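Below is one structure; the comments refer to it alone.
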Amino acid sequence: MSNIQVSHSVSTDNARSESNVVVNPFNPNQIVGGSKKFSNPHTYQFTIATYYSTDGGYHWNDSAALPLLAGWAGVSDPALAWDNQNNCYLAALPFDAAFAIKGIAIYKSTDGGATWGNPVLVHASGGDDKQWAIGDPSSGNVYAAWDDGSTLRFARTTNHGANWKGTTGSPAAGAALANDSFAPEMAINASGHLYIFWSVRMAGTIKFVKSIDGGGSFSAPQIAVSGMTDLETVLPQTDGWAHLPGGMFRVLTIVTCSVGRNNEIMVAWADGREVDSSANHVSRVYYRRSVDGGASWLGSPSGDPLLGGASIAETMHHFHPQIINRPNTDQVGCTFYEFGPKTGGQLLIDTMMSYSLNNGGLFGAPTLVTDQPWNPLTDAPWSHGDANVHFIGDYFGLDASNIGFYPFWTDTRTGIQEIFTAIVHPLTKSLAKDIKDAKEHKEIIPEKHWYKERLPEKIHFKEKDKEKDIYEDFGQKMMTEVIDPLQRGIDERFHALEAKIRDIEKHVRKGDVFISKKERPDVGSEVVKRSNRKARGKRKP
């Protein structure tokens, strides 16, 4: 599928990685992304750069540089969210010249990510890290969660960024919710219920808390997964960092989560329990699912392979998963990196996606997102200045809208670590085949929209001289309002075509020929059947 370059660096010093992307839920043409942008990859000097699109992700612009407060050398770990008034928020991790963390800062943009106001330091601790942000499109609340050491902390704004606070019982921003957190991520269901998931690092456990009152209070921590295998516990390590066999870039097991449009919840992660034929551990994406809002969980307590019975070469590793539900549909997309021998046996990375059309009940075989693999050795920053450990980011971005899914990944095809994206839709391929069949056999002529990866909000069909518009909510409505009627129309037209063929065969056996209006305008609107028996003075009407 067509890949879109988001960032355009002029120097290999400006490597980009560890990205996040969010689509405005009230205007899918507005998208904001962010990533690390290095100034010296070998000394691990960087800040955050952001990007914005106003046309649904087809074209991208660089945002104005983020303002820094006095004493800040940069900011890290972009986490983005929208409220319900078209404001975009960025939760960032500021640090000084000695790389000492200053706390959690929040930026706000009122112009779709083109510019950002001065940051607000909502929490000050040298232990702050791994923040996440999310907005509730119903209430307009924006939430942030992060680690302070192993303490899970939380803040929210209920007045569009005018101020930030904690919970009702702990009103200061940075309310403590748990004491064993690593890298939290959040999801919000259609009822406004907020879920925060995290892993208990290298303990094989994923936990969550839930709020049903807009972050005013939370449930006690509950276990969603037990017995998973963190990559850091089984993969080879260099200078304290786990890496995949043959790779130099660091990898972590970080939780990703999503909610369906009913009460479904999914949590996914990179798991190292599987081994190859040489007993070396391989990284695979595992997940677990609840259909009752987290009250109970399906499948194995340690999770099940997200790709089910799909055949995966043992030389391939799947890692850095991100999972998201497509709004108002039963579609869930999971994107991840695939690392292993590819072109010419080189160890390269492709971005992949797998889709579920039933709210996470079953995921299909993965499909390629990247139109060419990329080399993680190219322009790779040194993690914290260590030449033995490379950095491609601990995660990458994914969001979705009615237009499609937006993976937002690091890529080195240009010779520089850049950010790329694509607009992908799980039904495009199957729909294109249905439309092709209809066009070839049943005289249903689709507009060119069908052959693009982006499927628009309005799709036009022309059945002879009759035009009808189909407004869709892709998902169940796509099946009931497009595929099923199309199939019925195909069946009806097929039977009519069979009858026409039989009629034609009858005339062919008699030696009749057909004269069309194009060939003989003088015959008027009627299609005339003429027999070669005319030479004998006979004519059929």
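The values are calculated or read from the model by the stated rules, or taken from the named source; none is laboratory data. Computed from a predicted model, the values in this text were never measured in an experiment. When we count neighbours, we look across all protein chains shown, and the Cβ atoms used for this are built from the backbone with ideal geometry, even at glycine.
Couple of notes before you dig in:
- Given (1) under 24 Å from GLY272 (Cβ atoms); (2) polar (S, T, N, Q); (3) in contact with a Leu (Cβ under 9 Å, 6 or more places away or on another chain), number of the condition THR205 does not satisfy: (3)
- Among the residues of the stretch 361-375, those that are buried (at least 16 other Cβ atoms within 10 Å of the Cβ), modelled with pLDDT of 95 or more and assigned to a loop (DSSP other than H, G, I, E, B) comprise VAL369, THR370, PRO373, ASN375.
- Near pairs, Cβ below 9 angstrom, 6+ apart or cross-chain, from the stretch 267-289 (of a type in the set (Asp, Glu)) to any residue that is assigned to a strand (DSSP E or B): ASP271/ARG284; ASP271/VAL285; ASP271/TYR286; ASP271/PRO305; GLU274/HIS281; GLU274/ARG284; GLU274/PRO305
- Filter result (farther than 20 Å from GLY393 by Cα and either part of a loop (DSSP other than H, G, I, E, B) or at pLDDT below 95 (or both)) within the stretch 67-94: PRO67, LEU68, LEU69, ALA70, GLY71, TRP72, ASP83, ASN84, GLN85, ASN86, ASN87
- Unmet requirement for THR428, which otherwise passes all of (1) closer than 30 Å to GLU264 by Cβ; (2) modelled with pLDDT of 95 or more: (2)
- Test: ASN20 is in a loop (DSSP other than H, G, I, E, B) and modelled with pLDDT of 95 or more: no
- Test: residue in the stretch 170-188 that is aromatic (Phe, Trp, Tyr), at pLDDT 95 or above and in a strand (DSSP E or B): yes
- Among the residues making up the stretch 100-135, those that are in contact (Cβ under 8 Å) with a residue 40 or more places away in the chain, over 18 Å from VAL21 (Cα atoms) and either in contact with a Phe, Trp or Tyr (Cβ under 9 Å, 6 or more places away or on another chain) or hydroxyl-bearing (Ser, Thr, Tyr) (or both) are ILE104, GLY117, ASN118, PRO119, VAL120, VAL122, HIS123, SER125, ASP129.
- When the residues of the stretch 18-54 are filtered to those that are of a type in the set (Ser, Thr, Tyr) and closer than 17 Å to ALA65 by Cα, the one that is nearest to the chain's Cα centre (by Cα) is SER19.
- From the options SER35, SER2, residue that is touching a residue at least 60 places away in the same chain (Cβ under 8 Å), crowded, with 23+ Cβ neighbours inside 10 Å and of a type in the set (Gly, Ala, Ser): SER35
- Residues of the stretch 304-337 that turn out to be surrounded by 22 or more Cβ atoms within 10 Å (Cβ to Cβ) and closer than 16 Å to VAL282 by Cα, as a count: 8
- Scope the stretch 141-167; condition surrounded by 15 or more Cβ atoms within 10 Å (Cβ to Cβ) and either in a loop (DSSP other than H, G, I, E, B) or within 21 Å of the chain's Cα centre (by Cα) (or both); matching residues: ASN141, VAL142, TYR143, ALA144, ALA145, THR158, HIS160, GLY161, TRP164, GLY166, THR167
For (1) of a type in the set (A, V, I, L, M, F, W, C); (2) within 27 Å of the chain's Cα centre (by Cα), each residue gets a yes or a no:
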| position | (1), (2) |
| --- | --- |
| THR115 | no, yes |
| GLY127 | no, no |
| ALA133 | yes, yes |
| ASP136 | no, yes |
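Here is a yes/no grid of residues against (1) surrounded by 24 or more Cβ atoms within 10 Å (Cβ to Cβ); (2) at pLDDT below 95:
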site	(1), (2)
VAL234	no, no
GLN237	no, no
HIS243	no, no
GLY247	no, no
SER258	yes, no
ASN262	no, yes
ILE265	yes, no
GLU274	no, no
TYR286	yes, no
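- Answer from SER302, SER356, SER383, SER296 - the residue that is at pLDDT below 95 and closer than 30 Å to ALA203 by Cα: SER356
- GLN30 meets all of the listed conditions (1) in contact with a Pro (Cβ under 7 Å, 6 or more places away or on another chain); (2) surrounded by 15 or more Cβ atoms within 10 Å (Cβ to Cβ); (3) more than 24 Å from ALA387 (Cα to Cα) but one, namely (1).
- Summed over the stretch 168-179, residues that are surrounded by fewer than 20 Cβ atoms within 10 Å (Cβ to Cβ) and either in contact (Cβ under 8 Å) with a residue 40 or more places away in the chain or touching a helix residue (DSSP H, G or I) at 6+ places or on another chain (Cβ under 6 Å) (or both) total 2.
- Residue match in the stretch 110-130 (condition: surrounded by fewer than 19 Cβ atoms within 10 Å (Cβ to Cβ), aromatic (Phe, Trp, Tyr) and modelled with pLDDT of 95 or more): no
- Taking the stretch 199-255 as the range and being under 24 Å from the mean Cα position of the chain (by Cα) and aliphatic (A, V, I, L, M) as the test, the residues that pass are ILE206, VAL209, ALA224, VAL225, MET228, LEU231, LEU244, VAL251, LEU252, ILE254, VAL255.
- Condition check for ALA242: in contact with a Pro (Cβ under 8 Å, 6 or more places away or on another chain) and small (Gly, Ala, Ser): yes
- Check on ALA49, touching a Lys or Arg at 6+ places or on another chain (Cβ under 8 Å), at pLDDT 95 or above and over 22 Å from VAL424 (Cβ atoms): yes
Each row is one residue, and each column tells you yes or no for (1) assigned to a helix (DSSP H, G or I); (2) in contact (Cβ under 8 Å) with a residue 40 or more places away in the chain; (3) charged (D, E, K, R); (4) on the phi > 0 side of the Ramachandran plot.
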{"position": "ALA295", "(1), (2), (3), (4)": "no, no, no, no"}
{"position": "GLY309", "(1), (2), (3), (4)": "no, no, no, no"}
{"position": "GLU314", "(1), (2), (3), (4)": "no, no, yes, no"}
{"position": "GLN322", "(1), (2), (3), (4)": "no, yes, no, no"}
{"position": "ASN328", "(1), (2), (3), (4)": "no, yes, no, yes"}
{"position": "THR335", "(1), (2), (3), (4)": "no, yes, no, no"}
{"position": "LEU377", "(1), (2), (3), (4)": "no, yes, no, no"}
{"position": "LEU398", "(1), (2), (3), (4)": "no, yes, no, no"}
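- Unmet requirement for ASN402, which otherwise passes all of (1) within 26 Å of ASP55 (Cα to Cα); (2) touching a Gly at 6+ places or on another chain (Cβ under 9 Å); (3) not small (Gly, Ala, Ser): (2)
- Qualifying residue in the stretch 210-218 (condition: part of a loop (DSSP other than H, G, I, E, B), of a type in the set (A, V, I, L, M, F, W, C), modelled with pLDDT of 95 or more and surrounded by fewer than 17 Cβ atoms within 10 Å (Cβ to Cβ)): yes
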